[in-house]
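Read the structure below first, then the notes.
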Amino acid sequence: MERERLPDKLKEKLRQNFPDEEILIALSSDITGRGMYGEEWLVVTGKKLLVFSVDGLAADTLSATDLDSIEAIEVVNLVGRGALEISTGEDTCLVISYSDAKNADFCQAADDVRDLLEGKSLKEKDRFLHREICEKCSTPIPQDMNRCPRCTEKTKTFFRILSFSRPYLRLLMLIFLTMILATGFGLAAPWMIKIFIDEILKPVLVDGVEQFVYAGWLPLAALVLLIAYAAQLFFGGIRERLSGYMGFRTVYDVRAGIYKKLQELSLSFFDKHQTGAILARVNQDTGELQRFLVDFLPLTMESIFMLIGVGIFLLKLSPQLTVFVFIPIVATVLFLKMIFPSIRNYFHRFFQRRAGLSALVNDSISGMRVIKAFGQEPVELEKFDRRSSSYRDAGTELVKKWSIYHPFLHFLIMCGIVIVWFVGGKQVFSGDMTVGEVVAYSGYLMMFYRPVFMLTRMAQMISNSLAAAERVFDVIDTEPEIKEAPDAVSMPEINGDIEFSNVTFGYSKFKPVVRDLSVKIYANEMVGLVGRSGAGKSTIINLICRLYDVNKGEILIDGIDIRKIRYSDLRNQIGVVLQETFLFNGTIFDNIAYAKPDAAKEEVIEASIAANAHEFIINKPDGYDTEVGERGDRLSVGEKQRVSIARAILRNPRILIFDEATSSVDTRTEKKIQDALANLVRGRTTIAIAHRLSTLRNCSRILVIEDGAVAEAGTHGELMANKGTFHDLVMMQKQLSRINEVDG
C-alpha cells in the first residue's frame with residue numbers, strides 16, 4: 001500500500017532550502033490562500049512550520065515559521081472552508097486553508113503541532129502522518145475504513161454470500177443430489193426422441209415392403225419417456241423445496257446478523273445514517289440476497305450440471321457440429337463481460353436512490369404531526385415527487401440499458417439454433433447424421449442454451465445481489481466506536497464518584513462541543529448543570545453514559561477510566577431520563593419494566609408512585625395495560641415524561657441523570673415530581689439539567705456550562721450572590737415569567 005508522498009518538485013525545494021530538516025508532518029490542502037481551488041502543502045519539521053504552493057512548474061515557499069516562536073495553533077472555521085491559525089509573540093495569522101473534506105486531517109495536524117510544541121513524540125500518530133493511498137485507483141482510503149470502497153473485490157463478496165450457507169452443508173449436498181437426479185432424467189428425454197425417430201417410427205424395407213420393425217417397442221419407449229419426465233419434475237420439486245428452505249434460513253441468519261450488528265454499533269453510526277436508509281438495508285437489501293440464494297443459486301448449480309451433461313451428449317452426437325455451436329456461446333460470454341461493469345453501476349445508482357426514497361418516507365411519516373401542524377403537505381409532496389422521480393429515472397435508465405443488451409444476447413444464442421439446422425442439415429445430406437440425431441441434437445441444444453439463457457439473467461441478478469450484499473456487509477463490517485476494552489474491569493457496584501479530566505469532545509472531531517473540561521462530582525452529591533442551549537450540557541450526560549467516547553482526556557468513575565469499566569456494569573448502574581422522551585409501542589407496564597424486565601408488578605407500581613405517574617395510569621380505562629401507541633403518541637407529553645422517570649427509578653441506579661426531565665410538565669405536576677424525587681436522590685450521585693432554574697435550589701452544587709467548559713460553580717445562593725452568568729439567566733427567566741403572567 002502506497003503512502004501519501006511529497007511531490008518531486010516539493011522534495012527538491014526542501015532539499016535545497018532545508019537540507020538538514022527531518023519532515024514530521026506533510027499534508028496537502030485543496031484550497032489556496034486566495035480562496036481558490038488549488039494545491040498547497042503544510043510541512044512541519046523538527047524546527048519549522050512551512051507552507052508551500054505547488055503547481056505544474058515549481059514549488060514556492062509561502063511561509064516559514066520557527067516552531068519556537070509559535071505560542072498557539074488553532075483550527076478556524078470560515079465560510080465554506082477551514083484554516084489553520086498560528087499565534088506568535090508578534091502576530092496572529094492564517095497559514096493555510098482547506099475545504100471541509102480536509103477538516104479532520106488539519107484538526108489532527110493542529111493537535112500534532114501542539115504536541116511538538118510541548119516536546120511530545122509523534123511516533124504513535126503515524127496513521128495520520130502517512131495517509132494510505134489505494135494501489136489500484138490511487139485515491140485516499142477513508143480513515144475509518146480498512147480498504148478502498150471503490151476497489152472491493154467482487155469475487156470475495158460473491159463467495160462471502162455463499163459462506164452464509166455453510167451451516168447447511170448437509171442440506172446443500174442433498175440439494176446437489178436431487179439436482180443430479182433431475183438433470184439425469186431430463187437428459188434421457190431427447191435421447192428417447194432420437195430412438196422414436198430413428199428406430200421405432202422409421203420404416204424399414206423387408207422383402208421390398210416398408211415395415212415398422214420396432215413397433216413393439218412403442219409402449220415401453222413411451223413409458224420410459226413418461227417416467228423420465230415424471231422423475232425430472234419430482235426431483236426438481238424436491239430440489240425447489242429444499243432450496244427454498246435453505247435460502248430463507250440463510251437470509252434469516254443474515255438479517256439477524258445485521259440487526260445484531262446494529263444493536264452493537266455506536267450512536268455515531270446512527271448520527272451519520274438516515275433511519276430509512278438503514279431500514280432499506282435490513283429489509284430490502286437482505287430481500288435481494290434472499291432472491292439470490294432461493295432463486296438464482298439453485299438454478300445456477302442446476303445449470304452447471306445441465307451444461308456438463310448436455311455437453312457430453314452433444315459431443316457424442318456430433319463433435320464437428322458442437323464446435324460451430326460454441327461460437328455464439330463464446331461471443332455471449334465476452335459480451336456479458338463487457339457490459340457487466342456498466343450494468344452494475346446502474347444497479348448501484350438504482351439502490352442508492354431507493355434507499356433515499358425510503359429515508360424520506362420514514363422521516364415524513366415519523367413527523368406527520370409537525371407536517372400537518374405547519375400545513376407543509378405541499379412541501380412534503382414536492383420533496384417526495386423529486387426523490388421519487390429520481391428513483392423512477394434510475395429505474396428507467398436501468399431498464400433502457402437492459403432492453404438493449406437483453407435482445408442482443410438472445411440473438412447471439414439463437415444463432416446457435418440456426419447453425420444446428422444449417423450444418424446438421426448438410427450432414428444429413430452427406431449421411432454423417434440421421435434425422436433423429438439432428439432432432440435430438442436440437443433438443444439437447446435447447447437444454448444446453450437454457451443455462452446459457454440464464455447468463456442473460458445472471459448478469460442482472462449478480463449485479464443486483466452484489467450491490468445489495470456490499471451494502472449489507474458495509475453495516476456488518478462497521479466497527480463500533482464504543483468498544484469494551486479487552487482488560488475491562490468488573491464493577492458490579494460503584495460508589496458514584498465522577499471526574500472529568502481535561503476532556504475534549506465533538507460529534508465532529510474538528511468542532512469540539514466540550515473543551516478541556518475538568519470537574520469532579522462526588523458520590524451521593526446532587527449537581528445541577530445549567531447553561532444556554534448548545535453549551536454542552538446534554539453532551540456531558542452522553543459522555544457519562546458512554547454513548548460516545550471522549551476525543552481527549554478521560555472520564556473516571558471511582559478513579560477508573562470509564563473506557564476500562566465493563567460495559568454492562570456501567571450501564572446497569574446509570575439511570576437516565578433524557579430530554580427527548582421515547583416510549584416503545586406496547587403497554588405502560590411494559591415501558592416502565594423495560595429498565596428491569598424481571599420486575600414484579602409491585603416494584604413497577606412503586607416506581608410509578610415515586611414518579612407521580614400512578615394516579616394518571618389507574619385513571620386510564622386499561623390502567624397499566626393501556627397501549628401507548630407508536631412512540632407513545634396516545635399519551636400526553638407530561639404523561640410520557642413521568643413514565644420515563646418511573647422507568648429510570650425502577651432501575652434503582654447509583655448514578656441518576658435527569659436531562660430536562662420536567663421541562664414538559666406543568667408547574668403543579670413538576671412540584672409533585674420534585675417532592676417525590678427529593679427522597680429518591682438521597683444516597684445516589686445525581687446530575688440534573690433543569691429547564692426551570694429555580695428547581696435547582698436543592699442541588700449541593702450548580703455548574704454553569706459555557707462553550708463546553710465550566711464558567712461558574714457553587715450553590716444556588718453563592719452563584720446568585722456572585723451576579724455572574726447564572727444570576728443573569730435566573731433574572732432573565734423571572735422576567736419572562738412576569739411577561740407571561742401579564743400576557744396571560
- Query: Which peptide among 612-618, 219-225 comes first, and what is the full order, when sorted by highest mean count of other Cβ atoms within 10 Å?
  - Reply: 612-618, 219-225
- Between Ala721 and Ser501, take the C-beta separation as r, use R0 = 25 Å, and let me know the FRET efficiency to the nearest 0.05. 0.30
- Asp253 paired with Thr61, simple spin-label distance in nm, labels 7 Å along Cα-to-beta-carbon: 6.4 nm
- Note on the structure: Summing +1 per Lys or Arg and -1 per Asp or Glu among the other residues with Cβ less than 10 Å from Arg563's Cβ gives -1
- Task: Compute the FRET efficiency between Val379 and Val710 as 1/(1 + (r/R0)^6), taking r as their Cβ-Cβ distance and R0 = 35 Å, and round to the nearest 0.05.
- Result: 0.25
- Query: What distance in nm separates the simple spin-label points at Phe326 and Asp20, each placed 7 Å from Cα in the Cβ direction?
  - Reply: 7.3 nm
- Message: Regarding the range 45-93, what's the average projected area of the Cα-atom convex hull, expressed in nm²?
- Response: 4.5 nm²
- Message: Going by average Cβ density within 10 Å per residue, which order do the peptides 484-492, 585-593, 725-733, 379-387 take, highest to lowest?
- Response: 585-593, 725-733, 379-387, 484-492
- Message: Just to verify a number: what accessible area does Asp569 come out at with the full protein assembly present, 1.4 Å probe, Å² rounded to tens?
- Response: 20 Å²
- Task: Express in whole angstrom the spacing between the alpha-carbon centres of the range 543-564 and the range 26-65.
- Result: 38 Å
- Among Lys47/Lys552; Lys102/Lys156; Lys120/Lys261; Lys261/Lys337; Lys483/Lys596, which pairs are too far apart, with a Cα-Cα distance over 28 Å? Lys102/Lys156; Lys120/Lys261; Lys261/Lys337
- Task: Express the accessible area of the range 543-631 per residue in Å², computed with a 1.4 Å probe while the remaining protein chains stay in the model.
- Result: 49 Å²
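The values are calculated or read from the model by the stated rules, or taken from the named source; none is laboratory data. This one's a predicted model, so the numbers in the text were calculated from it and none came from an experiment. Cβ atoms come from the backbone with ideal geometry, glycine included; neighbour counts cover every protein chain shown. All accessible areas refer to the heavy atoms of the entire protein, side chains included, with ligands and DNA or RNA removed. Shrake-Rupley method; radii C 1.70, N 1.55, O 1.52, S 1.80 Å.
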